[in-house]
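Written out below as structure tokens is the structure these notes cover.
The values are calculated or read from the model by the stated rules, or taken from the named source; none is laboratory data. Quick caveat, the model's predicted, so the values are computed rather than measured. Every residue, glycine as well, gets a Cβ built from its backbone with ideal geometry; the counts of neighbours run over all protein chains shown.
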Amino acid sequence: MTTGTTSLDGAVVEFTHARSSVIRVENLQHSYDGRAALKGVSFGVYPAEIFGLLGPNGSGKTTMFRILSTLMLPMGGRAVINGCDAASNPAGLRKQIGVVFQAPSIDVKLSARENLRHVGHLYGMSGSALDKRVDEMLYRVALFDRANDRAETFSGGMQRRLELAKGLLHHPSVLLLDEPTTGLDPGARRDLWQYLAILRDEERVTVIVTTHLMEEAERCDRLAILSEGQLVALGTPTELKNEIGGDVLLLEARKNPEELAVRISQRYGVEATVLDDGKVRLERDQGHRFVTDVVEAFPGEIQSVSVSKPTLEDVFINRTGHRFWTEEQKGAEEKVSGKKKSKKH
Ligand code: ADP
């Protein structure tokens, strides 16, 4: 965005050149049985960018996805895609979007081509225009050589790519994906993200994708980070990480982490917080130099220290004061990806 002032006949006029948004979400609210799931979220998504909705379980990603894909009406605020309001013009909005749900929607008994032709018919496409578009999409997602094979013979990654082609067949300018890499091994995950980038660059599609995975969020052009139904950060991954000054230090106290955090805060004038796992966390320029200083200042009180560059999880902690994952959730996620890795080898 460019902002500034200019003079017209002596009058100073403020101007703002905002990049026009394809998707506008304004003060969006939703509750289930009186419990708020979205508490007034606002953001805009620019044309041909990959925009991520990152948040831990329960943060409101699926609720946002359901509203944007017109499966559910918002209880307050607005969601607008290409000028079509989700509440007052859901049919118009649906024409603007392709949707890839978490649950598979292809018919595995049909070939890739048959799946796409079937979807094309549902959209009222036919004849050579449909044939051309089917070929185009098969080519885009690198399934052209397997066009006549049944989808049940495809790997998980190939099936997901067919879902992408299906979502884009009717030329929507926006593609919505809900946790699209669920169930894929790490290689297929990376692959899918490469295809999303190709679709953005070559089809000029605006992609909005929900994820709870940091490494996927890193691949987005911009991110909205949600926590407990609220927007806690918005920007490019680099911008967000750069907002954290210097390094992140995690200290393990020998005895009382709360007391150590207070004393460090007082001594150095920094914010030191105790995380859910009992570690004392602080942000500091030139973290390595600070380590010697703090260990000497509190002799015998610090069991271990780690220094690292800020990650997106640090952005989340910085904005919310708590970790992205509870230890329990982290264990469950590691178990799942561990299982997938061992299955592959
Ligand atoms: P996420 O996709 O980030 O996990 P959700 O949008 O699914 O988040 O959930 C946000 C909150 O709304 C959570 O507290 C969740 O328990 C609640 N919630 C989601 N769907 C329903 C539902 N159908 N009925 C009641 N509560 C729900």
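In the stretch 199-282, counting only strands (runs of 3 or more DSSP E) that sit wholly within it, the ones holding 1 or more residues that are free of Cβ contacts under 8 Å to residues at least 40 places away in the same chain span 230-235. Are any residues in the stretch 216-273 charged (D, E, K, R) and within 16 Å of the ligand (Cβ to nearest atom), and if so, which ones? Passing the criteria: GLU216, GLU228. Might you let me know whether the stretch 122-136 holds any residue that is within 16 Å of the ligand (Cβ to nearest atom), at pLDDT below 95, more than 25 Å from ASP201 (Cα to Cα) and among the aliphatic types (A, V, I, L, M)? Looking through the stretch 122-136, none of the residues is within 16 Å of the ligand (Cβ to nearest atom), at pLDDT below 95, more than 25 Å from ASP201 (Cα to Cα) and among the aliphatic types (A, V, I, L, M).
Does VAL45 count as touching a residue at least 40 places away in the same chain (Cβ under 8 Å), out of contact with any Phe, Trp or Tyr (no Cβ under 6 Å at 6 or more places or on another chain) and of a type in the set (A, V, I, L, M)? Considered against the rule, which asks whether it is touching a residue at least 40 places away in the same chain (Cβ under 8 Å), out of contact with any Phe, Trp or Tyr (no Cβ under 6 Å at 6 or more places or on another chain) and of a type in the set (A, V, I, L, M), VAL45 comes out as no.
The rows are residues; the columns are (1) away from the ligand (no atom under 11 Å from the Cβ); (2) in contact with an Asp or Glu (Cβ under 8 Å, 6 or more places away or on another chain).
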residue: ARG35; (1), (2): no, no
residue: GLY40; (1), (2): yes, no
residue: PHE51; (1), (2): yes, yes
residue: THR63; (1), (2): no, no
residue: THR70; (1), (2): yes, no
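Just one of the listed residues (VAL295, VAL315) is at pLDDT 90 or above, within 29 Å of the chain's Cα centre (by Cα) and outside the structural domain of THR182 (by TED's automatic domain parsing), namely VAL315.
Per the listing ARG150, ARG161, the residue uniquely in contact with a Phe, Trp or Tyr (Cβ under 9 Å, 6 or more places away or on another chain) and not hydrophobic (A, V, I, L, M, F, W, C) is ARG161. Here ARG160 clears all of (1) in contact with a helix residue (DSSP H, G or I) (Cβ under 6 Å, 6 or more places away or on another chain); (2) within 18 Å of LEU54 (Cα to Cα); (3) not aliphatic (A, V, I, L, M) except the condition numbered (2).
Note on the stretch 115-130: residues that are of a type in the set (Ser, Thr, Tyr) and assigned to a helix (DSSP H, G or I) total 1.
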